[in-house]
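Nothing in this text is a laboratory measurement; each read-out follows from the coordinates by a stated rule. This structure is a prediction, so every number in the text was calculated from the model and none was measured.
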Amino acid sequence: MAKKKEATFEENLNRLEEIVGEMESGDANLTELIEKYSEGVSLSKKCMSALKIAGETMDLLIKEEGAEELKLEIEGD
């Protein structure tokens, strides 16, 4: 059985924006609103997790780059 492709951050964010628009339109009944809200919360958590990982990765890259620059400065002296 084929594995379902994990949605990208951008796809999740776009879907979240769609959900907000659908909910703001006022056309959905209470049951649909609850379903959309639930999906939105799930997508929001996925987006926040992806942003956290991206931030941590950037911090690590900056620290590594800083360490490399320090090493070059020391070797250059």
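Sequentially through the stretch 44-57, phi angles give Karplus couplings (6.51, -1.76, 1.60; θ = phi - 60°) of 4, 4, 5, 5, 5, 5, 5, 5, 4, 5, 4, x, 5, 5 Hz, Gly and Pro residues having no value and appearing as x. Our analysis of the stretch 9-76 gives Rg over Rh at 1.39, with the two radii drawn from alpha carbon positions and Rh computed by the Kirkwood formula. From the alpha carbon centroid of the stretch 1-35 to that of the stretch 40-60 is 18 Å.
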